[in-house]
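Everything below concerns the one structure shown next.
FYI, it's all coordinate maths here, none of it is from the lab. As the structure is a prediction and not an experimental result, all values here were calculated from the model. Cβ placement follows ideal geometry from the backbone for every residue including glycine, while neighbour counts extend to all protein chains displayed.
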Amino acid sequence: MAKGITTAELDKLTDAELAKKLTESKEELFNLRFSAVTHRLEDSGRLQEVRRNIARIYTIARERELNIRTAPAPKKSAKK
């Protein structure tokens with residue numbers, strides 16, 4: 001089975017965390033592509049895995065826009 005992010009893990013993230021994860025994945029994909037061009041890429045399967053993770057993130061974000069999925073409720077502080 002793939003080592004990537006599962007949709008269950010992505011469901012637990014807020015919209016801001018999801019956007020941050022997308023940015024990190026895009027940066028990783030850029031670095032992997034650069035390594036592939038310079039023939040220094042050790043794990044070629046990682047390219048496909050990162051692309052699929054990015055697609056999962058986009059899917060979760062779009063489903064939240066369409067109200068198919070809901071974002072987790074904001075965490076409340078313990079102040080009284």
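Would you kindly derive the ³J(HN,Hα) couplings of region 69-76 from the backbone phi angles with the Karplus curve 6.51 cos²θ - 1.76 cosθ + 1.60 (θ = phi - 60°), listing them in order in whole Hz, with x for Gly and Pro?
Result, rounded to whole Hz: 10, 10, 6, x, 5, x, 6, 8.
Once every DSSP H run of n ≥ 4 in the chain is given -39500 (n - 2.57) and the sum is divided by its residues, what mean residue ellipticity at 222 nm do you get, rounded to the nearest 500 deg cm²/dmol? Each step should come with its number before you reach the end.
Values: 3 runs with 49 residues, N = 80.
Taking each H run of at least 4 residues, the total per residue is -20500 deg cm²/dmol.
Among 35-41, 24-30, 50-56, how do they line up by average Cβ neighbours within 10 Å per residue, starting with the highest?
Put in order of decreasing packing, that is 50-56, 24-30, 35-41.
What is the gain in length, in nm to one decimal, between Arg62 and Ala19 on full extension, counting 0.36 nm per residue of separation less the C-alpha to C-alpha distance?
14.3 nm
Could you give P(r) for the chain, binned at 10 Å from zero, as whole percent values over all Cα-Cα pairs?
17, 41, 25, 12, 4, 1
Eight or more residues apart or on different chains, and alpha-carbon atoms under 27 Å: count the Lys pairs in the chain matching that.
Final tally of qualifying lysine pairs is 15.
Per residue of region 12-24, in order, report the coupling 6.51 cos²θ - 1.76 cosθ + 1.60 (Karplus, θ = phi - 60°) as ³J(HN,Hα) in whole Hz, putting x for Gly and Pro.
Rounded to whole hertz, the list is 6, 7, 6, 4, 5, 5, 5, 5, 5, 5, 5, 4, 4.
From the residues Ile57, Ala71, Ile5, which one has its Cα farthest along the dipole of the chain in the positive direction, the dipole being from +1 and -1 charges on Cβ of Lys/Arg and Asp/Glu about the Cα centre?
In the chain, that residue is Ala71.
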